[in-house]
1. Given H placed 1.01 Å from N in the peptide plane, which residues other than close sequence neighbours of H42 have an amide H under 5 Å from its amide H?
2. Could you check which residue among V53, V61, V28 shows the biggest mean-square fluctuation in a GNM of the chain with a 10 Å Cα cutoff?
3. First compute the accessible area of the chain with a 1.4 Å probe, then give the percent of it belonging to carbon and sulfur atoms.
4. Working out 0.36 nm times the residue gap between W24 and K43, then minus their Cα-Cα distance, what length gain in nm do you get to one decimal?
5. Suppose every Lys and Arg Cβ carries +1 and every Asp and Glu Cβ carries -1, with no other charges. What dipole size does the stretch 24-67 come out with about its Cα centre, to the nearest 20 debye?
6. Name the long-range amide H neighbours of F29: under 5 Å, sequence gap of 5 or more, or other chain; modelled H, no Pro or chain starts.
7. First select every other residue whose beta carbon is under 13 angstrom from the beta carbon of V53; then total the charges, Lys and Arg +1, Asp and Glu -1.
8. Tell me the net charge near E26. Cut-off is 14 Å between Cβ atoms, E26 excluded, with +1 for each Lys or Arg and -1 for each Asp or Glu.
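The values are calculated or read from the model by the stated rules, or taken from the named source; none is laboratory data. What you are looking at is a predicted structure, and each value in this text was computed from that prediction instead of being measured. Cβ placement follows ideal geometry from the backbone for every residue including glycine, while neighbour counts extend to all protein chains displayed. Areas reflect the complete protein model, heavy atoms only, side chains present, ligands, DNA and RNA absent. Shrake-Rupley method; radii C 1.70, N 1.55, O 1.52, S 1.80 Å.
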Amino acid sequence: GLNDEFFVLINHLEKFNFQIFNRWGEIVFETNDINLSWDGTHKGEICKQDIYVWKVYYTDVLGKTNEVTGHVNLIR
(Lines give C-alpha, C1' and ligand atoms only; values in the text may rest on other atoms or scores of the structure.)
Protein backbone atom coordinates (compact mmCIF):
# COMPACT_ATOMS: atom_id res chain seq x y z
CA GLY A 1 0.00 0.00 0.00
CA LEU A 2 0.88 3.64 0.20
CA ASN A 3 3.08 5.05 2.97
CA ASP A 4 3.93 1.64 4.44
CA GLU A 5 7.42 2.80 5.40
CA PHE A 6 8.94 5.96 6.85
CA PHE A 7 12.36 6.95 5.57
CA VAL A 8 14.83 9.81 5.28
CA LEU A 9 15.75 11.31 1.93
CA ILE A 10 19.00 13.27 2.16
CA ASN A 11 21.84 13.20 -0.36
CA HIS A 12 25.62 13.58 -0.07
CA LEU A 13 26.21 12.36 3.47
CA GLU A 14 29.33 11.23 5.25
CA LYS A 15 27.65 10.03 8.49
CA PHE A 16 24.01 9.30 9.26
CA ASN A 17 21.87 8.19 12.22
CA PHE A 18 18.06 7.90 12.18
CA GLN A 19 16.08 7.21 15.37
CA ILE A 20 12.38 6.87 16.15
CA PHE A 21 11.08 7.14 19.72
CA ASN A 22 7.78 6.21 21.36
CA ARG A 23 5.98 8.56 23.76
CA TRP A 24 8.07 7.26 26.69
CA GLY A 25 11.35 8.12 24.96
CA GLU A 26 12.28 4.53 24.12
CA ILE A 27 13.98 3.97 20.78
CA VAL A 28 11.74 1.77 18.62
CA PHE A 29 13.90 2.07 15.49
CA GLU A 30 17.49 3.08 14.79
CA THR A 31 19.76 2.81 11.79
CA ASN A 32 22.98 4.21 10.39
CA ASP A 33 22.06 3.00 6.89
CA ILE A 34 20.38 5.70 4.75
CA ASN A 35 18.75 2.92 2.68
CA LEU A 36 16.77 1.45 5.60
CA SER A 37 13.28 2.59 6.57
CA TRP A 38 10.90 2.06 9.50
CA ASP A 39 7.94 -0.20 8.80
CA GLY A 40 6.04 0.55 12.02
CA THR A 41 7.36 -2.41 13.97
CA HIS A 42 9.63 -2.84 16.99
CA LYS A 43 11.43 -6.13 17.73
CA GLY A 44 9.18 -7.87 15.22
CA GLU A 45 5.96 -6.62 16.83
CA ILE A 46 3.53 -4.15 15.27
CA CYS A 47 3.69 -0.79 17.06
CA LYS A 48 0.46 0.73 18.26
CA GLN A 49 -1.19 3.60 16.47
CA ASP A 50 0.35 6.72 17.99
CA ILE A 51 2.57 9.73 17.36
CA TYR A 52 6.30 8.96 17.27
CA VAL A 53 9.20 11.40 17.45
CA TRP A 54 12.03 11.03 14.96
CA LYS A 55 15.56 12.43 14.97
CA VAL A 56 18.15 12.44 12.22
CA TYR A 57 21.79 13.24 12.90
CA TYR A 58 24.03 13.58 9.88
CA THR A 59 27.32 14.98 8.67
CA ASP A 60 27.38 16.30 5.13
CA VAL A 61 30.28 16.02 2.69
CA LEU A 62 31.54 19.45 3.80
CA GLY A 63 31.87 18.20 7.39
CA LYS A 64 28.90 20.14 8.79
CA THR A 65 26.97 18.23 11.47
CA ASN A 66 23.19 18.64 11.56
CA GLU A 67 20.27 17.44 13.70
CA VAL A 68 16.69 17.42 12.42
CA THR A 69 13.64 16.35 14.47
CA GLY A 70 9.95 15.89 13.85
CA HIS A 71 7.05 13.56 14.43
CA VAL A 72 5.24 10.92 12.44
CA ASN A 73 1.69 9.64 12.97
CA LEU A 74 1.45 5.86 12.78
CA ILE A 75 -2.02 4.99 11.54
CA ARG A 76 -3.20 1.43 10.97
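1. C47
2. Most flexible of the set in this elastic network: V61.
3. Here carbon and sulfur together make up 51 percent of the probe-accessible area.
4. Working: separation 19, 0.36 × 19 = 6.84 nm, distance 1.65 nm.
Gain on stretching W24 to K43: 5.2 nm.
5. Numbers: 4 positive and 8 negative charges, 14 e Å.
Charge dipole of the stretch 24-67: 60 debye, to the nearest 20.
6. I20
7. Numbers: positive: R23, K55; negative: E26, E30, D50, E67.
Combined, the nearby Lys, Arg, Asp and Glu give -2.
8. Numbers: positive: R23, K43, K48, K55; negative: E30, E45, D50.
Taking every Cβ under 14 Å from that of E26, the sum is +1.
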